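Where a number appears in this text, it was derived from the coordinates with a stated rule and is not lab data. Just so we're clear, the structure is a prediction, and the values are computed from it rather than from any experiment. When we count neighbours, we look across all protein chains shown, and the Cβ atoms used for this are built from the backbone with ideal geometry, even at glycine.
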Amino acid sequence: MEIQVIQTGILGVNTLIVPVEQGKCFVVDPAACKLSGDETKIVDFIKSKNLDCVGIVLTHTHFDHITGIKQVKQSFPNALIYVHKSEEAELINPPGPMNRAVLGSFGMSDLLDVVSEQPHCDVTVKDGDIIFEWKVIHTPGHTPGSICLYKSDFVCDTESKKTESVLISGDTLFDYGGYGRTDMLGGDDIKMRQSLAKLYKIIPSGTLVYPGHDSFGFRMAAM
């Protein structure tokens, strides 16, 4: 099974359904919610493929990437929620300071209730940790706890067993050299530039990239 991309939520997040082993998967950045009219979209897709969701991984905790956690967790209660330790507080008593500020600046205070319903994280991660054979790369800049996930040998074709190196980049890296904004609370332009330099140093050119918004499946360019 390939990585499946489902656009969900108020701001069109690329929610990823990532296969782990036969019949299992994890979800990256579930955003589907009532206000966007797609509350059951992620769960319906997973169930239609007869998969068991065993994890929910957050590339960061901005409101637009977390509004679907509750629905997935209710349907798959054994799925553990993973977040970088720098942003654990955003899910301990949501919405945390970062999301309160961001929602206020976006004029989306209606989403405060949706964010406040989200469950706590189960596992905090740091740079170098492994989640379902994917390496965690801490890439602060867009937010303090932004992470990417990297796997050098993802099986992209189950029949031919062809593998690719794949980077799940959240809101750190986008197509055409774009990167996440740093002008909101928790953003840091210097750290973003350091994170981008880090990625270009350790991730091979030609790696398939799946970002948190917009086009996906593009190739990592050489720096």
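Show me the trypsin sites (Lys or Arg not before Pro) within segment 40-137 that DSSP assigns to loop and that have at most 15 other Cβ atoms within 10 Å of their Cβ. Each step should come with its number before you reach the end.
Working: sites: 41, 47, 49, 70, 73, 85, 100, 126, 135; in loops: 49, 126.
In loop regions of segment 40-137 (DSSP not H, G, I, E or B), the sparsely surrounded trypsin sites (Lys or Arg not before Pro) are 49, 126.
Hey, what's the Kirkwood Rh for segment 157-208 if you take every pair of different alpha carbons, in angstrom? Write down the numbers at each step before the final one.
Values: mean 1/r = 0.0784 Å⁻¹.
For segment 157-208, inverting the mean 1/r across all distinct Cα pairs yields 12.7 Å.
Which percent, nearest 5, of DSSP beta bridges in the chain are antiparallel? Kindly include the intermediate steps, with their values, before the conclusion.
Details: 24 of 39 bridges.
Percent antiparallel among DSSP bridges in the chain is about 60.
Between 117, 133, 21, which gets the highest mean-square fluctuation from a Gaussian network model of the chain, Cα cutoff 10 Å?
21
So what's the net charge close to residue 212: Lys and Arg +1, Asp and Glu -1, counting the other residues with Cβ under 10 Å from its Cβ?
Net of charged neighbours comes to -4.
Going by Cα centres, segment 42-79 and segment 170-196 are how many Å apart?
Their Cα centres are 25 Å away from one another.
Which distance in nm do the two modelled labels at residue 122 and residue 24 give, with both placed 7 Å along the Cα-to-Cβ direction?
Label at residue 122, label at residue 24, 1.1 nm between them.
Using the 2.2 N^0.38 Å rule of thumb for compact globular proteins, work out how segment 110-223 stacks up: its C-alpha Rg over that value, please. Walk me through the intermediate numbers first.
On the way: Rg = 15.3 Å, N = 114, 2.2 N^0.38 = 13.3 Å.
Compared with the compact-globule rule of thumb, segment 110-223 sits at 1.15.
Taking a 23 Å limit on the Cα-Cα distance, which of the listed pairs 24/191; 73/162; 49/135; 126/191; 126/162 fall beyond it? Don't skip to the end; give the middle numbers.
Details: 24/191 35 Å; 73/162 32 Å; 49/135 26 Å; 126/191 16 Å; 126/162 30 Å.
Long pairs (Cα-Cα over 23 Å): 24/191; 73/162; 49/135; 126/162.
For every other residue with a beta carbon closer than 13 angstrom to the beta carbon of residue 192, add +1 if it is Lys or Arg and -1 if Asp or Glu, then tell me the sum. Can you show the working numbers first?
On the way: positive: 181, 191, 193, 198; negative: 171, 183, 188, 189.
Spelling it out: positives minus negatives among the neighbours equals 0.
Connecting C-alpha atoms closer than 10 Å in a GNM of the chain, tell me which of 160, 152, 205 has the biggest fluctuation.
Between 160, 152, 205, it is 160 that shows the largest mean-square fluctuation.
Per the Cauchy relation, a quarter of the hull surface: what is the mean projected area of the convex hull of the alpha carbons in segment 72-168, in nm²? It would help to have the intermediate numbers written out before the result.
Values: hull surface 31.7 nm².
The number I arrive at for segment 72-168 is 7.9 nm².
Please give the peptides 185-196, 29-40 ranked by average Cβ packing (other Cβ atoms within 10 Å per residue), highest first, as a rough proxy for protection. Before the final figure, lay out each step's value.
Numbers: 185-196: 16.8, 29-40: 20.8.
So the order, starting with the most tightly packed, is 29-40, 185-196.
Above 22 angstrom, tally the Cα pairs of the chain and express them as a % of all pairs, no decimals. Intermediate values should be presented prior to the final figure.
On the way: 11411 of 24753 pairs.
Value for the chain (Cα pairs over 22 Å): 46 percent.
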